[in-house]
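**Q** After the structure tokens below, expect a handful of questions from me.
The values are calculated or read from the model by the stated rules, or taken from the named source; none is laboratory data. Just so you know, these numbers come straight off a predicted model, no measurement behind them. Reconstructed Cβ throughout: ideal geometry from the backbone, glycine too, with neighbour counts over all protein chains shown.
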């Protein structure tokens with residue numbers, strides 16, 4: 001067990017960053033990382049010895065994240081009364097955080113496939129091949145999704161959110 005812990009521990013900061021980028025919530029990110037580590041430990045015997053541990057962990061984490069989204073879509077979102085307490089406690093936004101907030105908003109506008117590729121390659125510094133293994137797609141797909149994600153994020157940062165107008169008869 002100490003051998004497993006020694007291999008997993010250096011991976012935790014990267015898992016934490018990726019989880020937070022996906023969820024934008026400290027507690028939910030911590031829960032996702034914990035679930036990822038639990039899944040990895042209980043299925044350690046299934047891991048390919050010659051495979052990339054980091055890519056394997058990101059694959060587990062992404063699959064858990066997508067599973068949670070599917071489950072939430074089936075059940076609906078639950079909001080407790082304690083959520084109302086935080087509404088009034090939000091401090092006014094500072095100018096220094098405006099760019100970060102804009103980037104995060106831009107990430108939210110990307111489809112999940114493009115957001116995952118962008119986070120894995122740009123934030124977690126995975127190679128195209130490693131990201132392809134994590135996502136289970138060809139390397140060319142990673143490259144095209146990354147290109148589209150960067151272009152959409154660039155447009156969002158330059159022009160802001162684009163309003164969609166509908167014609168009503």
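**Q** Just checking, does region 73-92 include any residue being in a helix (DSSP H, G or I), within 19 Å of the chain's Cα centre (by Cα) and at pLDDT below 80?
**A** Here is the first cut: in region 73-92, the ones in a helix (DSSP H, G or I) are 73-75, 82-88.
Then keep just the ones that are within 19 Å of the chain's Cα centre (by Cα); that gives 73.
Now restrict to residues that are at pLDDT below 80: 73.
Looking through region 73-92, at least one residue is in a helix (DSSP H, G or I), within 19 Å of the chain's Cα centre (by Cα) and at pLDDT below 80.
**Q** List pairs: first residue in region 106-130 and in the same structural domain as residue 70 (by TED's automatic domain parsing), second residue part of a helix (DSSP H, G or I) and crowded, with 20+ Cβ neighbours inside 10 Å anywhere in the structure, Cβ distance under 9 angstrom, at least six positions apart or on different chains.
**A** Correct list of pairs: empty, since none qualify.
**Q** Applying the selection to region 158-169, what residues are surrounded by 11 or more Cβ atoms within 10 Å (Cβ to Cβ) and either more than 21 Å from residue 108 (Cβ to Cβ) or at pLDDT 90 or above (or both)? Break it down stepwise before answering.
**A** Step one: list which residues in region 158-169 are surrounded by 11 or more Cβ atoms within 10 Å (Cβ to Cβ), which gives 160-161.
Correct list: empty.
**Q** Can you pull out every residue in region 48-67 that is more than 17 Å from residue 14 (Cβ to Cβ), in contact with a helix residue (DSSP H, G or I) (Cβ under 9 Å, 6 or more places away or on another chain) and outside any helix (DSSP H, G or I)?
**A** Step one: list which residues in region 48-67 are more than 17 Å from residue 14 (Cβ to Cβ), which gives 48-50, 66-67.
The next check asks that each one be in contact with a helix residue (DSSP H, G or I) (Cβ under 9 Å, 6 or more places away or on another chain); those that pass are 48, 66.
Of everything in region 48-67, just one residue is more than 17 Å from residue 14 (Cβ to Cβ), in contact with a helix residue (DSSP H, G or I) (Cβ under 9 Å, 6 or more places away or on another chain) and outside any helix (DSSP H, G or I), namely 48.
**Q** Quick one: in region 3-32, of everything that is farther than 21 Å from residue 107 by Cα and crowded, with 17+ Cβ neighbours inside 10 Å, which residue is nearest to the chain's Cα centre (by Cα)? Even if it seems obvious, please write down each step before you answer.
**A** Taking region 3-32 first, the residues farther than 21 Å from residue 107 by Cα are 3-12, 31.
Adding the requirement that they be crowded, with 17+ Cβ neighbours inside 10 Å leaves 8, 11.
Details: 8: 19, 11: 15 Å.
Among those residues, the one meeting the criterion is 11.
**Q** Among the residues of region 143-157, which ones are surrounded by 14 or more Cβ atoms within 10 Å (Cβ to Cβ) and closer than 17 Å to residue 107 by Cβ?
**A** Those that are surrounded by 14 or more Cβ atoms within 10 Å (Cβ to Cβ) and closer than 17 Å to residue 107 by Cβ: 145, 146, 148, 149, 150, 152, 153, 156.
**Q** Would you confirm, using the coordinates I've provided, whether residue 118 is in a loop (DSSP other than H, G, I, E, B), under 17 Å from the mean Cα position of the chain (by Cα), on the phi < 0 side of the Ramachandran plot and modelled with pLDDT of 75 or more?
**A** Working: in a loop (DSSP other than H, G, I, E, B): no; under 17 Å from the mean Cα position of the chain (by Cα): yes; on the phi < 0 side of the Ramachandran plot: yes; modelled with pLDDT of 75 or more: yes.
No.
**Q** Another question, if that's okay. Yes or no: residue 137 over 16 Å from the mean Cα position of the chain (by Cα), modelled with pLDDT of 90 or more, in a loop (DSSP other than H, G, I, E, B) and not assigned by TED's automatic domain parsing to the domain that holds residue 19?
**A** yes
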